[in-house]
Amino acid sequence: MHPSDLAGRVAVVTGAAQGIGAAVVRALVDHGATVAATDRNPTGVENLMADDGTDAVIAYPLDVTDASAVDTTLAAIERRLGPIDILVNVAGVLHVSPVAELTDRDWADTFAVNTTGVFHTGRAVAGPMAARGRGSIVTVGSNAAGIPRTGMAAYAASKAAATMFTMCLGLELARSGVRCNVVSPGSTDTPMQRALWTDPEAPKRVLDGDPATWRTGIPLGRIADPADIAEAVVFLASDRARQITMHNMYVDGGATLHV
């Protein structure tokens, strides 16, 4: 892709403070977009803006579980930066627990961020994008939505719901020219991933697979870098993908053996 493919576009990224979200912000800026970087960790997005060293990144504190805050913040972004052309839903949380030990609070929190947050942001931009006859929404899901994982029922279910919501939204908006797609990462070197590594052998089990937990390995033999996910997001957000909508792109090194 050319560095100016997204020149003049305004993008909103949720969960932008670290990991995949921060990588998506940098990739969008590298391709010419102006990015409103949002996160419920205001210090994280402010640091991202400072590290970027350009006025192409503007930080906004935002909790996507708060519908009113989403509407207010996105309206403020449009007043300041102009019409939102791209929405990237990255904000996510992970609570690992067997179902029998999963608390109501952890279940509710997982869905509030991973699913309801995607609904809040998608609903907020859908009408204005459709009225303008253009726009791209990309939801960062997970390959866990397509394969059962022990200890990850809440996360997998929430990502599956967010994926299907994005597909339904894409169907509703298709005639208006607005495209909605999903990028489903596998294991990616982020703070969320590293929090799961409780011993030095954990990364090796990710690569090789773990029969004790019925987990497949990664055929390509490498754990993804956040930039790998970000490049897929940027492609789907760009005009290079103008004929692609309601697509779920797995970026997991073949881990789910997905057809």
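The values are calculated or read from the model by the stated rules, or taken from the named source; none is laboratory data. These numbers were taken from a predicted model, which means no experiment stands behind them. Cβ placement follows ideal geometry from the backbone for every residue including glycine, while neighbour counts extend to all protein chains displayed.
A few points about this structure:
- Pairing each residue of region 205-216 that is without any contact (Cβ under 8 Å) to a residue 12 or more places away in the chain with any residue that is among the β-branched types (Val, Ile, Thr), provided the two are 6+ apart or on different chains, yields C-beta distances under 6 Å for Gly209/Thr216.
- Against the list (1) touching a strand residue (DSSP E or B) at 6+ places or on another chain (Cβ under 8 Å); (2) over 27 Å from Pro211 (Cα atoms); (3) crowded, with 19+ Cβ neighbours inside 10 Å; (4) without any contact (Cβ under 8 Å) to a residue 60 or more places away in the chain, the condition Arg80 fails is (3).
- For region 46-75, a tally of residues being more than 22 Å from Phe119 (Cβ to Cβ) and either surrounded by 22 or more Cβ atoms within 10 Å (Cβ to Cβ) or of a type outside the set (D, E, K, R) (or both) returns 10.
- Each residue in region 211-225 was checked for being among the charged types (D, E, K, R) and surrounded by 15 or more Cβ atoms within 10 Å (Cβ to Cβ), and 1 of them qualify.
Yes/no matrix, rows are residues, columns are (1) among the polar types (S, T, N, Q); (2) surrounded by fewer than 19 Cβ atoms within 10 Å (Cβ to Cβ); (3) under 19 Å from Gln193 (Cβ atoms):
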residue	(1), (2), (3)
Leu6	no, no, no
Ala11	no, no, no
Gly15	no, no, yes
Gly21	no, no, yes
Val24	no, no, yes
Gly32	no, yes, no
Ala37	no, no, no
Arg40	no, no, no
Thr43	yes, yes, no
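- Flag if Pro219 is over 19 Å from the mean Cα position of the chain (by Cα) and free of Cβ contacts under 8 Å to residues at least 12 places away in the same chain: no
- Members of region 248-259 that are at pLDDT 95 or above and surrounded by fewer than 16 Cβ atoms within 10 Å (Cβ to Cβ): Gly254
- Filter result for the condition that a residue is within 17 Å of the chain's Cα centre (by Cα) and either closer than 24 Å to Arg132 by Cα or among the hydrophobic types (A, V, I, L, M, F, W, C) (or both), over Ala50, Ala75, Ala16, Ala67: Ala16
- Any hit, region 195-212, residues being in contact with a helix residue (DSSP H, G or I) (Cβ under 8 Å, 6 or more places away or on another chain) and assigned to a loop (DSSP other than H, G, I, E, B): yes
- Of everything in region 13-37 that is under 18 Å from Thr190 (Cα atoms) and of a type in the set (S, T, N, Q), the residue that is modelled with the highest pLDDT is Thr14.
- Just one residue in the set Asp85, Asp52, Asp109, Asp66 is over 28 Å from Tyr155 (Cα atoms), modelled with pLDDT of 95 or more and of a type in the set (D, E, K, R); that residue is Asp85.
- Single residue of region 150-190 satisfying the filter (within 14 Å of Gly135 (Cα to Cα) and in contact with a Leu (Cβ under 7 Å, 6 or more places away or on another chain)) that is surrounded by the fewest Cβ atoms within 10 Å (Cβ to Cβ): Asn181
- The number of residues in region 226-243 being surrounded by fewer than 16 Cβ atoms within 10 Å (Cβ to Cβ), in a loop (DSSP other than H, G, I, E, B) and in contact (Cβ under 8 Å) with a residue 40 or more places away in the chain comes to 1.
- Checking each residue in region 83-127 for being polar (S, T, N, Q), over 18 Å from Val138 (Cα atoms) and touching a residue at least 60 places away in the same chain (Cβ under 8 Å) picks out no residue at all.
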